[in-house]
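Okay, so here's the structure we're looking at.
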Amino acid sequence: MALYFKEQDIDEYRDCFYLKTQPNSGHITSVDELKTIMRSLGTSPTQSELEQYFKEKNCKISFADLLDIMHTHSVKEKIPKEILDAFVSSDWSKSGQMLTKDLKHILCDWGEKLDPKQFDRLMREANIGGSYFKYEDFVKIISAPIPDY
């Protein structure tokens, strides 16, 4: 599973998993526990998906099983496509570009806010330095898995 997730993500998954499963000897033993953990980790599985994942793992989910479920579900959710669709829907001119300052406003002022230093780091890592950027390229960069050397 290390091929699919960043080490930082695996650590977050592990912390959430063991925080929620301590009373159950380190296993998820109900669909409700699975739902709580997956939603805490930022996914939005449906009830039928949760039940399917739970049955596939014989109603007892280990941490390794959770990583497998998270990977399967992340492929289903198609997060990069959803991000790209959000950019396209806000691109009134259909130019394929966005003002960097507009993205900064969205990421630093709405929802789970980034601080300006985090935003600047993100732009450096995505190699964006101008006042405009091509959002399709940006989505590819931020969605690519980090190589596990």
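Legend: P(r) of the chain from all alpha carbon pair distances, 10 Å bins from 0, whole percents, reading 10, 33, 30, 20, 7, 0.
Mean residue ellipticity at 222 nm, helices only, the chain: -18500 deg cm²/dmol; runs of at least 4 DSSP H residues each add -39,500 (n - 2.57), and the sum is divided by the number of residues. Each residue of segment 7-77 gets 77 Å³ once the volume of the Cα convex hull is shared out per residue. The long axis of helix 116-125 is offset from the longest Cα principal axis of the chain by roughly 90 degrees. Evaluated over the Cα positions of segment 87-144, the convex hull gives a direction-averaged projected area, one quarter of its surface, of 4.0 nm². Using a cut-off of 18 Å between Cα atoms, the listed pairs Lys104/Lys134; Lys35/Lys55; Lys20/Lys60; Lys57/Lys78; Lys6/Lys140 include Lys57/Lys78 as exceeding that distance. Ordered by the count of other Cβ atoms within 10 Å of each Cβ, fewest first, Met38, Met123 give Met123, Met38. Pairs of alpha-carbon atoms within less than 8 angstrom and 6+ residues apart define the contacts here; what relative contact order does the chain have, in percent? Contact order relative to length: 25 percent.
No lab work stands behind these numbers, since they all come straight from the coordinates. Quick caveat, the model's predicted, so the values are computed rather than measured. Glycine also receives a Cβ, built like all others from the backbone with ideal geometry; neighbour counts cover every protein chain displayed.
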